[in-house]
Amino acid sequence: MPLTQQSKNFKVVKNGGYAIWQEGPLFKLAPMAFIHPEIMNIDSQQMVKLTSSIGRPHKNGFTRGSNLMFYCELQVGNYCLEVLNGSSLNPIEDKISQAITDHLSIKKQSDSLYNIQIRESLTKKQRIFMLLCIFAGLFLLMKGLFTIISLSLGTPMEGSMG
């Protein structure tokens, strides 16, 4: 949906996790600091809870890039995506963004150059499980490294298996 359009209805045919991405030109002041998306379930007239993404992942091409804004979980049904005035940034990101724009000559680009996209994503449970697997993998990697070093040096090391 182009940012010049204030709202758009869409239909979800599969329960699951979804993500809201902002897509537009690279190295330009993105309107993320000036807009805030909202999703309403038309069938139940309930607002959908949007969870801000940590670290704001980017996916870039040569001239255009995408920025992950929010996660949400949607059930099968009809929804309305609305773009409102206001910031999508948390207070820390907002201060950093303001400091950068105050010191660099980056001009706000036309909203017609940007799109809001809703893409299939991981559910909250899948994201938590993924983080647990990453930490478990890092722990096992460190344990294995200590064991290899201990065996190669012939001296016991704290944290090794041998």
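Taken together, the values in this text are just the output of simple stated rules run on the coordinates, not laboratory data. As the structure is a computational prediction, the values presented were derived from the model and not from experiment.
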Cut-off under 5 Å, modelled amide H: who pairs with Ser121 long-range: Gly17, Tyr18, Ala19
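Kindly flag which residue pairs out of Lys8/Lys124; Lys8/Lys59; Lys11/Lys49 have an alpha-carbon separation exceeding 19 Å in this structure.
On the way: Lys8/Lys124 25 Å; Lys8/Lys59 24 Å; Lys11/Lys49 17 Å.
Cα-Cα > 19 Å for Lys8/Lys124; Lys8/Lys59; rest within.
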message: Can you give me the long-range amide H partners of Gly65? Hydrogens built in the peptide plane at 1.01 Å from N, cutoff under 5 Å, separation of 5 or more residues or another chain.
response: Gly24, Leu26
field: Residue-by-residue Karplus 3J(HN,Hα) for the range 71-83, coefficients 6.51, -1.76, 1.60, Hz, glycine and proline x
entry: 10, 7, 10, 10, 9, 4, x, 9, 9, 10, 9, 10, 10
The range 136-152 - phi-based ³J(HN,Hα) in whole Hz, Karplus 6.51/-1.76/1.60, Gly and Pro as x: 5, x, 5, 4, 5, 4, 5, 4, x, 4, 4, 5, 4, 5, 4, 5, 6
message: Straight-line reach from Lys14: which aspartates and glutamates fall under 17 Å, measuring Cα to Cα and dropping same-chain residues less than 8 apart?
response: Asp43, Glu73, Glu120
query: Amide H to amide H under 5 Å from Ile35: which residues, 5+ apart in sequence or cross-chain, H placed 1.01 Å off N in plane?
result: Gly86, Ser88
